[in-house]
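Read through the structure below, which is laid out as structure tokens, and then see the notes.
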Amino acid sequence: ISEFRVVQNRFDTEVGGSAGGALSIITRSGTNDFKGTVFGFYRADGLRAKGALEQESSADLYKGQFGLTLGGPIVKDQTHFFASLEQVTATSPILFRPGGAYASLASDLGHPYHQTLAFLGLDQRLSDSGNLSAKLDYERYREDNFRVGGVVDISSGQELNRDNLNLALGFVQALGSTATNELRGQIGKRKYDEPPNTSGPSQWFTGGVTLQRGGSIYGDLLGEGTQWEVKDSISKQ
């Protein structure tokens, strides 16, 4: 991301259908020079102080976040690319704290997740007044022990598996010195599922206030679909 803008009121007509707000994002683009970055962040469990509510045998907390970017010309002054790849692997403790007669079952459970993010952008200069762009985004996300914690036992948790792919195309044309036409389209495909940690009936004690265990009441949630959008806007100074 090169820059972003949050709009909460006075929407432009192109985002007038939004009820609460709009987020405008500009992605980075390549230049006539090859440039890249490599970055990394790692936090080990031994580098932190345990929280006041954690047990002595608390689950580990760590985070590793690594990635790289690269951009440059395919044809100087005409065609440029920009690509990025990022991998996040982390885990944190979840505080399982049942009440009443089940308070002795309290423990700190592991909560790991893995995320892969990839981006590829191409920009083509058609003329002094026209530009064509294509942006491809991909996300793969995996999380264990989803919906666990509080009075919810690990047996009543779920996995969270999510895959998103989005392609955005744009054509920007200057119409003289005071007007610009922007034709943009995008298509996105999403898929997620939330399989339960265990099968069998769900068990709630004291109406779910002191302990919840067994199969998740949500079942194996599934979601899949494709969405697309095309819009054309003309702005004039």
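With respect to residue 103, is the statement that it is under 30 Å from residue 213 (Cα atoms) and exposed (fewer than 14 other Cβ atoms within 10 Å of the Cβ) true?
Yes.
Against the test of being free of Cβ contacts under 8 Å to residues at least 60 places away in the same chain, under 17 Å from residue 25 (Cβ atoms) and part of a strand (DSSP E or B), the options 167, 132, 160 yield a single qualifying residue, 167.
Within region 12-29, the set of residues being among the polar types (S, T, N, Q) and at pLDDT below 80 comprises 13, 18, 24.
Return the only residue of 49, 22, 44, 59 being open to solvent by 80 Å² or more (accessible area, probe 1.4 Å) and not basic (Lys, Arg). Result: 49 is the single residue among 49, 22, 44, 59 that is open to solvent by 80 Å² or more (accessible area, probe 1.4 Å) and not basic (Lys, Arg).
For residue 154, indicate whether it is exposed (fewer than 15 other Cβ atoms within 10 Å of the Cβ), under 30 Å from residue 223 (Cβ atoms) and β-branched (Val, Ile, Thr).
When the stated conditions are applied, residue 154 does not pass them.
Being within 21 Å of the chain's Cα centre (by Cα), modelled with pLDDT of 85 or more and surrounded by 12 or more Cβ atoms within 10 Å (Cβ to Cβ) is a condition met by no residue of region 1-11. If I filter region 115-125 for residues that are out of contact with any helix residue (DSSP H, G or I) (no Cβ under 7 Å at 6 or more places or on another chain) and closer than 23 Å to residue 216 by Cβ, do I get at least one hit? Scanning region 115-125 turns up at least one residue that is out of contact with any helix residue (DSSP H, G or I) (no Cβ under 7 Å at 6 or more places or on another chain) and closer than 23 Å to residue 216 by Cβ.
The sole residue among 231, 191 that is open to solvent by 30 Å² or more (accessible area, probe 1.4 Å), at pLDDT below 95 and in a strand (DSSP E or B) is 231. Note on region 111-134: among residues that are touching a Ser or Thr at 6+ places or on another chain (Cβ under 6 Å) and open to solvent by 30 Å² or more (accessible area, probe 1.4 Å), the one that is farthest from residue 54 (Cα to Cα) is 124.
The values are calculated or read from the model by the stated rules, or taken from the named source; none is laboratory data. Only a predicted model underlies this, so the values are computations on that prediction, with no experimental measurement involved. Using ideal geometry, Cβ is built from the backbone for each residue, glycine included, and neighbour counts are taken over all protein chains shown. Keep in mind that these areas ignore ligands, DNA and RNA; they rest on the heavy atoms of the full protein, side chains included. Shrake-Rupley method; radii C 1.70, N 1.55, O 1.52, S 1.80 Å.
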